[in-house]
1. Select, from A:Val66, A:Val122, A:Val85, the only residue that is under 30 Å from A:Leu186 (Cβ atoms) and either modelled with pLDDT under 85 or part of a helix (DSSP H, G or I) (or both).
2. Which condition breaks for A:Met1 when tested against (1) closer than 30 Å to A:Val201 by Cα; (2) of a type in the set (A, V, I, L, M); (3) modelled with pLDDT of 85 or more; (4) exposed (fewer than 15 other Cβ atoms within 10 Å of the Cβ)?
3. Can you say whether B:Val247 is crowded, with 18+ Cβ neighbours inside 10 Å, modelled with pLDDT under 85, in a helix (DSSP H, G or I) and not charged (D, E, K, R), as far as the supplied structure shows?
4. Does B:Lys17 meet the test of being open to solvent by less than 50 Å² (accessible area, probe 1.4 Å) and more than 16 Å from the chain's Cα centre (by Cα)?
5. Looking at (1) open to solvent by 10 Å² or more (accessible area, probe 1.4 Å); (2) hydrophobic (A, V, I, L, M, F, W, C); (3) more than 12 Å from chain A (Cβ to nearest Cβ), which is the only condition B:Ala66 fails?
6. Suppose the filter is in a helix (DSSP H, G or I), within 11 Å of chain A (Cβ to nearest Cβ) and over 23 Å from A:Asp19 (Cβ atoms); does B:Glu78 pass it?
7. State which residue is nearest to the other protein chains (Cβ to nearest Cβ) when the search covers only the stretch A:1-16 and only residues that are more than 39 Å from the chain's Cα centre (by Cα) and among the hydrophobic types (A, V, I, L, M, F, W, C).
8. Name the residue that is surrounded by the most Cβ atoms within 10 Å (Cβ to Cβ), counting only residues in the stretch A:235-277 that are small (Gly, Ala, Ser) and in contact (Cβ under 8 Å) with a residue 12 or more places away in the chain.
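The values are calculated or read from the model by the stated rules, or taken from the named source; none is laboratory data. Fair warning: this is a prediction, and the values are worked out from it, not measured in the lab. Cβ atoms come from the backbone with ideal geometry, glycine included; neighbour counts cover every protein chain shown. Each accessible area value is taken on the protein alone, full model and side chains, heavy atoms only, with ligands, DNA and RNA left out. Shrake-Rupley method; radii C 1.70, N 1.55, O 1.52, S 1.80 Å.
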Amino acid sequence: MLYRMRTLITKEFIQLFRDRLLAPFILLGPLAELLMVAWSTSQGIDHLPTAVLDMDRTGASRGLVVAMENAETFEPYQVKSMDQVTDDIDRGRALAAWVIPAGFQAQMTSATAEPPQLQLIVDGADVAAAQTAAEAGEGLAASYGHAFLVQATNAASGETASLDLSLRVWFNEELKESNFMIPSELGFIAAAISAMVASMVIARERELGTLEQLIVTPVSASQLVIGKSVMAVSLGYTLFLLMLGMVVWLFDVPMRGSLPLLMVLAFFYILVELGWGLMISAVARTQMQALLTCFLVVMIMVIFSGYAFPVDTMPPFMQSIANIFPLKHWLIIFRGILLKGAGVDVFWRELLSILVLGLFIYTGTILLMRRSRLD
Amino acid sequence: MLGRANNSAVETVELVKRFGNFTAVDGVTFTVERGKIFGFLGPNGAGKTTTIRMLMGLIRPTSGMATVLGFDVVKETEEIRRRIGYMSQRFSLYNDLTVSENLNFFGGAYDVRGDRLKARKATILEMAGLKGREGELARNLSGGWRQRLALGCAIIHEPEILFLDEPTAGVDPISRREFWNLLYLFSGEGRTIFVTTHYMDEAEHCHRLSFIQNGRLVALGSPEEIKREKMHGQVLEIDCSMPDTAVQTLRATGQFGEVALYGALVHVVAENVDSYRPAIEETLIEAGLEVRGMELIAPSLEDVFIASTQGDIR
C-alpha cells in the first residue's frame, strides 16, 4: 500500500521533471505575471509626462515647475492653451497636467488676496499612475507653498498665505487601492495552478488509455488521484511560497500578520480549490477539455471573487453569488493577514465558509468520480 | 496467489451488455480452461472488447454472470485484478518514462519490489530483447518493441491469466510471430491466455476458439472442431481475372453455396463443390472473365469464419 503510493508519486514527479517545458512554464509564468503586476502597481511611478499651462509666467510659477522637475514624479513640458491640455490628456501624450493661473505669484505674496488656486489634472484611466500623481502633487503643492512663504516672509513682512490645490481626477472618479492586485494575484494563482495541473494529468491518463490500464491493476482510483494531487499541490504550494517571498522581499508588500498562520491556511485553501480540478478531471475526456473547462471556472471565479473588482461594489444579487466561491473568502483572509495583520478571531467566518464550500466541492467530486468509473 | 481451486480460468453464463438500445453482447456463455490459449474472434464491433472489459470489471454486465479464476467480476474485482494481466490494443505505456521506469511503475502497481522486481525485470528485458535499452524512452521504441514492453509490463507480477485485446494490431508480421512465440512461452508455464483478434492466422495458434458475431457466439471449440462442425462442404479456390466481379456473378446465380473473396482469389464453399466445377467455369466465362485455375483446398479458419457469419446473417 505505502510502496504503491510511493511508486505512484515517484512516477508523477519523474513525468513532471521530464517535461522540459511544463514545470518551468508553470512556475515561471505566474512569477513573471506577478512580477509585472507588482511592478506596475507598487513600484514608484516617476517621470510622468506632464503638461504645464503657465498663465502666470513669474518667478513663483517657474519655481513651481523646477520643483516638479526635482521631485522626479513629473516630467513637465510647457503648453500654450487649455485646449492643448485637454487634447494631450485625451491622446495619452500627457498623464497629468498642471494649470497655474494668472496672478499666482501676486496672490502668493499678498496677505489679503484669496489663496492661489492651482489645478492638477490626472488621467484616472491609469489608476496607479493617477494615484501616484495625485499624492505627489499634493505633497509638492504643500511643500512648495511652505518654502515659498518662508522665503517671502523673510523678504517682506510677516503676512502668510497658503497654497490651495484643486485636484481633478478624470475618467475614473473613485481611485482603487493600488496594492489591491498583488494579494489577489498571489492568493489565487497558486490554487488555480494546482487545480489545473491535477485535472490535466488525470485527463492525460484517460486520453492516452493508461487510465484503463491502471484501473485493471490493484491500484485504486483514489490512490491514483492522491498520487497526482500530491504532485499538483507540491507544485502549487512551491509556487505560492516563491511568490510570497517575491512580493515581501522585492516589493515590500507589508507582511503584518503571522507568517506560519498564512502558510498553513494557504495550504488548506489550495487543497480546497484542488477539488475543482479533480471534479473537472472526472468529466473531461481529454487534456484540452480539462484545460478549457478549468479556464471557464477560473474566469467565473475571478469575476465573482473580488480578484479584480471589489465585491462591495457589485449589485446585491451578485454579491450573494460571490459567496459560493472559496476565492472570495480567501482573498478577505489573505488581505487581512498580509495588510492588516488580522488573526483567526477576525476572519473565522470566512474560514468556516471555505471549509463548508470545500466539503461541498469534494462531495460533488467523489460522486462524479464514482459515476464515471463504472460506465 | 492461486485463485480458487478447481475453477475454470474464465466462465460466463448468459452474459449481456446493453448500451441504451444497442445490445453489444447478447447472452454469451463459454468456459476457458486453465493453462490454455483461448482465442476470442470476431469482426470489429462484434462485442469482443466489451466482453473483455466486463471480465476485468471495467464495465458492469447488464445481466448474466461471469467469473475469473472463480471470482465474481462484479463483486470481487479486487481479487481478480491482483491475479490478471491486461494488455490493450493501444499498448498503454507511459511514453515519457523509460523502459526501466515503465517496468518499475507497473511492478509497484502490483507490489512487486526489491529482489523480485530485479529478477522479473531481468527476465522480461531478456525475453523482450530490450536488454541494453533500459534507459530509452518508451516513446522512441518502434511498434514491435513497444508491444513487447507492454507485454512485459502486463506480466511483471506473473499473473494467472493474461488478457490481450488485439495485441498485434498495427505490428509487422515478424514482430507478430515473435510475439506469439512469447505467448507460447508464457502459456507453457501453465498460465491462461485470453486473446481477442481478427487475424485468422493467429486464431490457428489457439487451443480453443470462440467466434462472436453481432454480440452472439456463433462457434465454440478447438480450431479443428470448428472446422469440422462448421464447414459443411469443401473449399474450391478459383484463380481468375477481376475476382470482385467473379464473386458478384457467382453469388447472383445463388447456386453455388458460400462465395467469398480470399485475397485475390475466390473461394466457393459447398457440399460436393467439385461437381460444380464445369458450371462455375461456364458462368465465369460467360461473364467475360478469364479463369486461370481451380483447385480443392483444405479449409482455413477464415473460410469457416466467413461461412458461419454469412450463415448467421441469412
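1. A:Val122
2. (3)
3. Against the criterion (crowded, with 18+ Cβ neighbours inside 10 Å, modelled with pLDDT under 85, in a helix (DSSP H, G or I) and not charged (D, E, K, R)), B:Val247 does not qualify.
4. Yes: the conditions hold for B:Lys17.
5. So the condition that B:Ala66 fails would be (1).
6. The answer is yes for B:Glu78.
7. Among them, the one singled out is A:Met1.
8. Step by step, filter the stretch A:235-277, then rank; the result is A:Gly277.
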